[in-house]
Each structure stands twice: as structure tokens, then as C-alpha cells.
Amino acid sequence: MRVLLTGATGLVGERLAPRLVAAGLECRALVRQGGKVPPGVVAIQGDLFDRASLARAVEGVEAIIHLAAVFRTQDVDLIWKSNLEGAQNLIAAAQAHAGAARFILASTSNVYDRQGARPARESDVVAPRQAYPASKVAAEEALRRSGLNWSIIRLPFVYGDADGHLETLPHHVEGFGFHPAHRMSTIHHRDIATAMEMALAGAFDRRIVNIADDAPLSIYELVELAGGAMTPSADPTADPWFLHVDASLARSLGFQPKVSTVHQAARDGVL
């Protein structure tokens, strides 16, 4: 299977691409000039706002995995341009040049209501106000209206393979206002690859799917695993289900995480 990957140089993409190659897929990646790709990946020079490069990138592919996104910035216009307009451009290229391809969009658990009364489900109404999750919801809606064979995978907190993401958590808990007892869903890069391979095989066709490991851990535990420290508290938590997703749909479709908890990742040396 020939697959186009966007965001191949990002946190998720640079760890997913080698796994796609190892799974026997013919992987090409849309990269800007000078962008490096792992061995076995074919680089297609261009970007999401160069329509000619998008036409070249999607030509002959059987699937598209769209990971590219912007969120670590205060530039709201850039977030919307990258995450919505960029997705719309890629969708249009697929419609014009690869209409039979599966189009898999990586989205985020940040789309769900902060004040939810239970773990978030795919059927929940989503109307986030912050630019990043709002732009991802808009991209989801554009894909669902496209007429393409789509699937949307909503990712929780991503970690593992020495990506440094978990290690940033101790520096952000105060700014985010997290209670130490707050529990957050997580997913290891290995299991993002598992989910993407299932999506490529059609298991998630025309579905929005949450993925997560088996045990949401408290922020207190995650900070400790990252080598930090957090002041403990027995006060009640506000918004206790925020960033905690219900992944039962994925499991009913056959998804089983290989790294079941962050504790397992620590024991196995794959943090």
C-alpha cells in the first residue's frame, strides 16, 4: 500500500513513519525544502499551501495520514490557517487526484467539553473555544463532508520513544492549573502506529475514534514518572473528566494497546 504522510518531521510523524515502513508500506512524506525523512520514506518537497506539490504528493496513493498541525503558538491566525485551510487544501487534492484513497485525520481529545460529566465519547457534541481544538473540529467537519473515505482518530496526551513530551509536564502543571489527582488519558507512539495500521486496513472507516491506553494516570503520578515533583492535595478536583476519554469504541473494533500504561512504558524502558 502506498501511503502519504503529512507532519512526518513532527513529534508523532517522525516516530510513525519508520513503523509504517517496517510494516511493509510504501511511505511518502510531504516535507518542506531541507526536511529530512527516515530511511525508506520517499520525500515529496512541498507544503499544504502549494497546490501543485499536493497534487504530486497524493498521485497514486491508496491512503493519506494527515498529522501536520500547529498548536504550540499564540498566533491564532496561524493555527487556523495551518489546521483548517491546510487540511482543506489536502482534502481538495485528494478529491481531485486520489478520490479512492482512505483519508485518515489525526485529531485531539482537547476538542471535548472541559466540564464533561464522564469520560468523553465520540458522540459527544464538541464546540471548543480555543483555537487549536476548534480548528481541528472544523477540519474534521470538512473531511466528513468531503465524500472521501475518511476516518478521524482523536489522540490524547502522546508520549514515549524519548520524545520529551512527558518530561515537559512538570513545567506546565501550574500554568494549566491541574489538580494533582486529575487523571488524563495517554497513548504511546507504538499504539498510535497500531491504530493507524488498523485505520489503513479499514477498521475505522467513516468513524471518529478515540484511542487511549488502559489506565489514565493522575497528573501527580505522571509528573513523578517524568522526574518532577508536585505538591499533593486532597482538595476536590474541578472538571474531573477533562482530557479523560472513553476508548471503548476503539476496543470494540479490535484496538488493543501494546503499551497498556505509562508505568509499563517506564518498566520497559520506552518512555
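If each DSSP helix of 4+ residues adds -39,500 (n - 2.57) and the sum is divided by the residues in the chain, what number results at 222 nm, nearest 500 deg cm²/dmol? Write out the running numbers ahead of the final one.
On the way: 10 runs with 92 residues, N = 271.
After summing the helix terms and dividing by the residues of the chain, the value is -9500 deg cm²/dmol.
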Legend entry - Inter-part distance where the stretch 1-28 and the stretch 110-189 are each reduced to a Cα centre, Å: 22
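Please state, to two decimals, what the Cα-based radius of gyration of the stretch 152-238 comes to when divided by 2.2 N^0.38 Å (N = residues).
On the way: Rg = 15.1 Å, N = 87, 2.2 N^0.38 = 12.0 Å.
So the stretch 152-238 has a normalised radius of gyration of 1.25.
Tell me the net charge near A100. Cut-off is 14 Å between Cβ atoms, A100 excluded, with +1 for each Lys or Arg and -1 for each Asp or Glu. Could the numbers behind the result be given before it?
Details: positive: R2, R102; negative: E59, E62, D205.
Net of charged neighbours comes to -1.
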Inset, instruction - Just rank S109, S123, fewest to most, by other beta-carbon atoms within 10 angstrom. - result: S123, S109
Legend entry - Beta bridges by DSSP in the chain, antiparallel share as percent, to the nearest 5: 5
Inset, instruction - Please report the Cα spread of the chain along all three principal axes, rounded to whole Å, starting with the longest. - result: 57, 37, 37
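Calculate the dipole size of the stretch 120-232 relative to its Cα centre from +1 charges on Lys and Arg beta carbons and -1 charges on Asp and Glu beta carbons; express the result in debye to the nearest 20.
Details: 10 positive and 15 negative charges, 123 e Å.
So the magnitude is around 580 debye.
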Inset, instruction - Determine, for D161, D213, the number of other Cβ atoms within 10 Å of each Cβ, and report the residues in order from fewest to most. - result: D161, D213
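List the trypsin sites (Lys or Arg not before Pro) in the stretch 116-222 that DSSP assigns to loop (not H, G, I, E or B) and whose Cβ has at most 13 other Cβ atoms within 10 Å. Which are they? Write down the numbers at each step before the final one.
On the way: sites: R121, R129, K136, R144, R145, R154, R183, R190, R206, R207; in loops: R121, R129, R145, R206, R207.
Those satisfying the criteria are R129, R145, R206.
Take the alpha-carbon positions of the stretch 200-271, form their convex hull, and give its projected area averaged over all directions (one quarter of the hull surface) in nm². Could the numbers behind the result be given before it?
Numbers: hull surface 26.4 nm².
For the stretch 200-271, the mean projected area of the Cα convex hull comes to 6.6 nm².
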Legend entry - Net charge over other residues, Cβ less than 12 angstrom from the Cβ of G177 (K, R count +1; D, E count -1): -1
Inset, instruction - Would you mind counting up the charge near I79? Only other residues with Cβ under 12 Å from its Cβ, with Lys and Arg at +1 and Asp and Glu at -1. - result: 0
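No value in this document is a laboratory result; all are computed from the given coordinates. The shown structure was predicted, so the numbers you read here are calculated from the model rather than taken from an experiment. Neighbour counts run over all protein chains shown; Cβ positions are idealised from the backbone, glycine included.
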